[in-house]
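Right, one structure below, let's go through it.
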Amino acid sequence: VDSTSSSMTSESPPPTSRYDRQLRLWGDVGQRKLARARIAAIGVTPSTMECMKCLVLGGCESFVIIDDGARVDARLAGELFEVSVDDVDGALSAAEVCVRALCALNPDARGRALRAARDTLFVARDDETPEAFAGVDVVVAGGLSDAESVALERACTDGLTPFVITRACGLFGETRTGALERWATENVTPEGSETSDL
């Protein structure tokens, strides 16, 4: 499934009015970076798809959801946003259903589903970035085993790609991030305020 739309249709509001609240948080520089972001999501889990929902609503350029091609089951239909019971009996994979739902949230975002087995996903050929991560700015993953998390970290570090690994169990959640370079947090003070946010 490849859901693509034009970047600016006549019906879309200008980015400054559409993302007004975000511009107040991280400024126009941060919004421009997000608008150019290409994201890979590994695994269709509630925490991964919630991260993707926030990034797509925020205005990311494009995304790919990488999963093993499993079909939507009753458990997923209840845990994932925007997934109806009608999708349970459909022929689409969970990744394809999520791509459709995410693209419906923001018609300017381009999304696609990629079927890949996890045991081959993190393997690079000839000391290059793994094929699934080529041209990606950040990787968001969920539902990985400890060995898969280590393999993802190695693949992302070798390819100089920042990553976020999420795990959730009930009300307990864990997030692990990594990047070779240091991230700088830019403090954006709201207009007319003398108090800093950070």
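The values are calculated or read from the model by the stated rules, or taken from the named source; none is laboratory data. The shown structure was predicted, so the numbers you read here are calculated from the model rather than taken from an experiment. Reconstructed Cβ throughout: ideal geometry from the backbone, glycine too, with neighbour counts over all protein chains shown. Just so you know, the surface numbers come from the protein's heavy atoms only, side chains and all, with ligands and any DNA or RNA stripped out. Shrake-Rupley method; radii C 1.70, N 1.55, O 1.52, S 1.80 Å.
A few points about this structure:
- Extreme residue, surrounded by the fewest Cβ atoms within 10 Å (Cβ to Cβ), among residues of segment 20-77 that are at pLDDT below 80 and under 14 Å from A101 (Cβ atoms): A77
- Residues being closer than 17 Å to I65 by Cα and open to solvent by 30 Å² or more (accessible area, probe 1.4 Å) - total across segment 129-150: 7
- So S5, is it at pLDDT below 60 and either part of a loop (DSSP other than H, G, I, E, B) or farther than 27 Å from A155 by Cβ (or both): yes
- Screening segment 151-169 for residues that are touching a Cys at 6+ places or on another chain (Cβ under 8 Å) and within 20 Å of G135 (Cβ to Cβ) and picking the one that is surrounded by the most Cβ atoms within 10 Å (Cβ to Cβ) gives F163.
- Within segment 106-116, the residues that satisfy the criterion of being open to solvent by less than 50 Å² (accessible area, probe 1.4 Å) and either under 13 Å from the mean Cα position of the chain (by Cα) or without any contact (Cβ under 8 Å) to a residue 60 or more places away in the chain (or both) are N106, A109, G111, A113, A116.
- Annotation: of all residues in segment 170-182 being loosely packed, with under 14 Cβ neighbours inside 10 Å and over 19 Å from S47 (Cβ atoms), the one that is modelled with the highest pLDDT is L180.
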